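**Q** Once you've had a glance at the structure underneath, I'll fire off some questions.
The values are calculated or read from the model by the stated rules, or taken from the named source; none is laboratory data. What you see is a predicted model, and the numbers here were worked out from it, not measured in a lab. Please note: Cβ atoms are built from the backbone with ideal geometry, for glycine as well, and neighbour counts cover all protein chains shown.
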Amino acid sequence: MSKASEESLSRDIAVDNNDEDVVVGTLKATKAAMSPQGSMKDMLRVCIAVMTKSLDALNRKGTQRVALYDYVEHEVTTATTEAVYGPSNPYRDPKVAASFW
């Protein structure tokens, strides 16, 4: 790591630094997302709601064969991206979702 990078990172994490640089911003975002009171809990609720809706729809169709790996890949992708992006979820477009995998 260059001396300039080292100094920049040290300055970013200094207690008295009020500027929101990359390191501090990332740490704050991670802490907020992982907090049991914060958005991780909300994201899990969305994931569960999306998966429940999908499983209910599958159940209504009755017994059928599914390619389990493809089904699970699609459902996990859908549930997690809905939780992250909400109504603006780009993964609703099958081409975008397919390009991820």
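**Q** Being aliphatic (A, V, I, L, M) and more than 20 Å from P94 (Cβ to Cβ): is that true of L58 here?
**A** Answer is no for this residue.
**Q** State all residues of the range 35-80 that are part of a helix (DSSP H, G or I), of a type in the set (A, V, I, L, M), over 18 Å from the mean Cα position of the chain (by Cα) and surrounded by 10 or more Cβ atoms within 10 Å (Cβ to Cβ); if no residue qualifies, say none.
**A** Within the range 35-80, L55, L58 meet the criteria.
**Q** Now for a different question. Taking V23 and the conditions (1) out of contact with any helix residue (DSSP H, G or I) (no Cβ under 8 Å at 6 or more places or on another chain); (2) modelled with pLDDT under 70, which numbered condition does it fall short on, given that it satisfies the others?
**A** Every condition holds for V23 apart from (1).
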